[in-house]
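Remarks on the structure that follows.
The values are calculated or read from the model by the stated rules, or taken from the named source; none is laboratory data. Bear in mind the structure is a predicted one, so any value in this text is a computation, not a measurement. Neighbour counts run over all protein chains shown; Cβ positions are idealised from the backbone, glycine included.
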Amino acid sequence: MARLIYFLAFVIGLVLVMNISKYQKQEVSNEKFDFKKVAEANLKKKKEIEELLKPKVEEKQEVVVVKEGPLVELTTPQLQAGHDLYKKCIACHGKRGEGKKGQKAPAIGGQFDWYINKQITAMQTGERVNKVMMPYISRLSPEDVANLSTYISKLPHMGQK
Ligand code: HEC
């Protein structure tokens, strides 16, 4: 009986020793307890999830730049010349000839060409006094004035009222 007990004790001891050596061979990993790594991994997952949840943009929308067409169809050399000369007048009279309150400049777009022509000519001769405009009109030829008048008479301002 005693022998049997010794034998059993020996076997149990042997099994224990074998198991212990088996556990010792296993590499101990601290990865699970490396909080920095775990946090990084979580963050990566979070980003991935966010990426997946993002509403998908089907196609990149093209930015369409709508160019404003010319206010007046520049079909004749006269209109083209008038258009070029009018650039100097825009600061006060506006792109559409709508005038500017701050400048005390009246609306002239769409006005009769003969009236515009008459006014500018009168200012040039001093018949009508307009000091602020003199620097812009004193050197204009009668042809320039005619071109300008034709262009301004075609400006859309008054037609829109
Ligand atoms: C510095 C501002 C200014 C600029 C630039 C200017 N104007 Fe004027 N314009 C005026 C003012 C102010 C009056 C009104 C004058 C008055 O009270 O008699 C006027 C009046 C006129 C009138 C008379 C309108 C009417 O109903 O009697 C015409 C036409 C005119 N401008 C055309 C032009 C043209 C063409 C140009 C460009 C070559 C031009 N102006 C540039 C300020 C300006």
Return only the number of the condition from (1) closer than 15 Å to residue 157 by Cα; (2) in contact with a helix residue (DSSP H, G or I) (Cβ under 8 Å, 6 or more places away or on another chain); (3) at pLDDT below 95 that residue 74 does not satisfy.
(1)
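Within the stretch 111-126, identify whether any single residue is part of a loop (DSSP other than H, G, I, E, B) and among the basic types (Lys, Arg), and answer yes or no.
Just the residues of the stretch 111-126 that are part of a loop (DSSP other than H, G, I, E, B), to begin with: 111-112, 126.
Among the residues that remain, those that are also among the basic types (Lys, Arg) are: none.
No; the residues of the stretch 111-126 include none that is part of a loop (DSSP other than H, G, I, E, B) and among the basic types (Lys, Arg).
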Taking the options 88, 154, 95, name whichever one is surrounded by 18 or more Cβ atoms within 10 Å (Cβ to Cβ) and touching a residue at least 12 places away in the same chain (Cβ under 8 Å).
154
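Before we move on, is residue 145 more than 42 Å from the chain's Cα centre (by Cα) and among the hydrophobic types (A, V, I, L, M, F, W, C)?
Considered against the rule, which asks whether it is more than 42 Å from the chain's Cα centre (by Cα) and among the hydrophobic types (A, V, I, L, M, F, W, C), residue 145 comes out as no.
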Of all residues making up the stretch 19-37, the number that are modelled with pLDDT of 75 or more and either surrounded by 10 or more Cβ atoms within 10 Å (Cβ to Cβ) or part of a loop (DSSP other than H, G, I, E, B) (or both):
2
Which numbered condition trips up residue 129, out of (1) within 17 Å of residue 79 (Cα to Cα); (2) outside any helix (DSSP H, G or I)?
(1)
Checking residue 143 against (1) in a helix (DSSP H, G or I); (2) surrounded by 11 or more Cβ atoms within 10 Å (Cβ to Cβ); (3) more than 10 Å from the ligand (Cβ to nearest atom): exactly one of these is not met. Which one?
(2)
Name the residue, out of 94, 102, that is within 29 Å of the chain's Cα centre (by Cα), within 27 Å of residue 130 (Cα to Cα) and at pLDDT 90 or above.
94
Checked the stretch 115-139 for anything within 7 Å of the ligand (Cβ to nearest atom) and crowded, with 17+ Cβ neighbours inside 10 Å; matches are 116, 119, 120, 133, 137
Out of 85, 148, 155, sole residue that is out of contact with any His (no Cβ under 7 Å at 6 or more places or on another chain), modelled with pLDDT under 95 and aliphatic (A, V, I, L, M)
155
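Any chance the stretch 67-83 includes a residue that's within 8 Å of the ligand (Cβ to nearest atom), touching a Ser or Thr at 6+ places or on another chain (Cβ under 7 Å) and under 24 Å from residue 141 (Cβ atoms)?
Restricting attention to the stretch 67-83, the residues satisfying the condition of being within 8 Å of the ligand (Cβ to nearest atom) are none.
The answer is no, given that none of the residues of the stretch 67-83 is within 8 Å of the ligand (Cβ to nearest atom), touching a Ser or Thr at 6+ places or on another chain (Cβ under 7 Å) and under 24 Å from residue 141 (Cβ atoms).
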Exactly one condition in (1) under 42 Å from the mean Cα position of the chain (by Cα); (2) among the hydrophobic types (A, V, I, L, M, F, W, C); (3) under 22 Å from residue 77 (Cα atoms) is not met by residue 114; state its number.
(1)
